[in-house]
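Bear in mind these aren't lab numbers, they're just calculated from the coordinates by the rules spelled out. Bear in mind the structure is a predicted one, so any value in this text is a computation, not a measurement. Positions of Cβ are backbone-derived with ideal geometry, glycine not excepted, and every protein chain shown enters the neighbour counts.
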Amino acid sequence: MILESKKQIINFVNEYKKTLKVKINKSKFSNLKSWEVSDKNIRHSSGGFFSIIGLDVKTNYGNVFHWQQPIIKQNEIGILGFISKIIEDKRYFLVQCKTEPGNINFVQLSPTVQATKSNYFQKHGGIKPHYLDFFLDVNKKVLVDQIQSEQGARFYKKRNRNIVVEVYEEIKLKNNFFWTSLESLVDCLQIDNLVNMDTRTVLSSLLFIDKKLTYNPSPDFGFATKQLLHWMVKLKCNYELDTNEMPLKTLDSWVFSENQIKHISEKYFKVIPVQVLIEGREVKEWCQPMIESAQSGLCAFIIKKINNKYHFLVQGKVECGNLDVIEMAPTVQCLTGEYKGIKSEMLPFLKYVLNSKNKIIDNFQSEEGGRFFREENRNVIVQANEDEAFELPENYIWVTLSQLSFLITFNNIVNVQARNLVSYFVTKEDVYG
């Protein structure tokens, strides 16, 4: 089935929802079947999937230099993969309507395969994910293949493989899969919480698919990108990040009860136990811990034209789960704290973003529904006037979309929140430069 418009996709999702039986309930840690809950951590009895650990963090970045928190540890590199095919001279992508326990609206648009290594080795005792073999076949034509980071404040050094493979043969579609174009998929980003986080991160890598663009769109691209990488190296040398695993139950300022792990301030997030029933998944019923945010966050880019090219204001951001200290992040990114009451000088450009009358994108998008319980963040793009001047802190810099796209092809440089915002622009050639 080929769906050619946002309207057709929404109708398909709504009809699919009618066929589902979904039941998600918060529970107690003692009811987490197949999970081992100890003073040290929460881990799956198979040794796979993920665990919740305690982390002690020291840094010279930001306003808080030492803290402790729970964090997700998942050493496996999962697959976030799209199958792509040319049909009647037009490129399409095989999209999955995927039901996750943490999804706000249960069903969201997912890559063809979205699976941990434990999933495809069937440690859950269920069937393999549909179409997995297309991504394990080394003879397939690979259009995109990257190892990318996950949320650095919630995952400890977690990475996933973002991959797109091209096929030529006919594929028999399961009832929750459909073909659609890149343009239609990007159009769906206008709808709150419809396109899941994993789809958005893979979309961010598709800027140069089937386009005549190169990674050298202007004579000064190479020099400018070299300067940009020098800026990143300098920040990595200036900022320190020292992290050590520690027992969950000894975390300072966190309270461990039978149904949650929470901060004494009631801010940031909780770890909660959840019981799940979703018909149509590889396994129909299971239990797991999840992260529940205390409030919605904000991810925003300020963009402006500089020398007739659109530039994105990025920050070099230290997060406790980063593999290599610093990653490029949106202009404003606040996910784990209450930003509405924070002093604007403590969070550069927050006041500007919130007060701007020129928000060209402003909607809510979900975080990954397999680990995060009904978490959504406000995604904003603000366009500044060309004559507006900004005083930049040392960890901020203006970057073109072409530079961001080039850097996304490498590992652990552009963080997932920035990549998710870049996904809005993959079909907008007027923004390249």
For ASN385, placing the label point 7 angstrom along Cα-to-beta-carbon and taking the stretch 345-371, residues whose amide nitrogen sits under 14 Å are 356-358
Taking only C-alpha positions in the stretch 340-433, Rg and Dmax in angstrom work out to 14.9, 44
The distance between the Cα centres of the stretch 21-84 and the stretch 221-285, in whole Å, is 8
Semi-axes in Å, largest first, for the chain (Cα gyration tensor, √(5λ)) are 31, 30, 19
Rounded to two decimals, the Rg over Rh value of the stretch 234-296 from Cα coordinates and the Kirkwood Rh reads 1.14
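Pairwise over distinct Cα atoms, reciprocal of the mean inverse distance: report the Kirkwood radius of the stretch 275-379 in Å, one decimal place.
Radius from the Kirkwood sum: 16.3 Å.
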Ranked by GNM mean-square fluctuation in the chain (Cα springs under 10 Å), the top entry among PHE256, PHE390, PHE373 is PHE390
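Given a Förster distance of 35 Å, report the FRET efficiency between ASN358 and LYS58 from their Cβ-Cβ distance, rounded to the nearest 0.05.
The calculated FRET efficiency here is 0.35.
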Hits in the stretch 391-430: amide N under 13 Å from the 7 Å Cα→Cβ extension of LEU229, namely 406-411, 413
Here the gain from full extension of LYS26 to ASN308, 0.36 nm per residue of separation minus their alpha-carbon distance, amounts to 96.3 nm
Going fewest to most other Cβ atoms within 10 Å around each Cβ, SER118, SER296 line up as SER296, SER118
Expected sort for PHE410, PHE177, PHE50 with the fewest Cβ neighbours (10 Å cutoff) up front is PHE410, PHE177, PHE50
Expected sort for TYR396, TYR156 with the fewest Cβ neighbours (10 Å cutoff) up front is TYR396, TYR156
Flagged as over-length at 25 Å C-alpha distance, from LYS28/LYS270; LYS305/LYS428; LYS157/LYS267; LYS236/LYS359; LYS6/LYS309, the pairs are LYS236/LYS359; LYS6/LYS309
Per-residue ellipticity at 222 nm attributable to helices in the chain (runs of n ≥ 4 DSSP H, -39500 (n - 2.57) apiece, nearest 500 deg cm²/dmol) works out to -4500 deg cm²/dmol
Among SER84, SER257, SER423, the residue with the largest mean-square fluctuation in a Gaussian network model of the chain built from Cα contacts under 10 Å is SER257
Taking a straight Cα-to-Cα line shorter than 17 Å from LYS21, and setting aside same-chain aspartates and glutamates fewer than 8 residues away, one finds GLU100, GLU279, GLU282, GLU285
Projected convex hull area of the stretch 1-145, Cα atoms, direction-averaged, in nm², equals 13.5
Computed on Cα atoms, the radius of gyration and Dmax of the stretch 1-71 in angstrom are 21.0, 53
With the 8 Å Cα cutoff and a minimum separation of six or more residues, the stretch 27-76 has a relative contact order in percent of 26
Checking rank on 266-272, 400-406, with mean other Cβ inside 10 Å and highest first, the result is 400-406, 266-272
Relative contact order of the chain (C-alpha contacts under 8 Å, at least 6 apart) in percent is 22
Here, GluC sites (Glu not before Pro) of the stretch 114-199 satisfying both criteria (DSSP loop; at most 15 other Cβ within 10 Å) are GLU169, GLU170
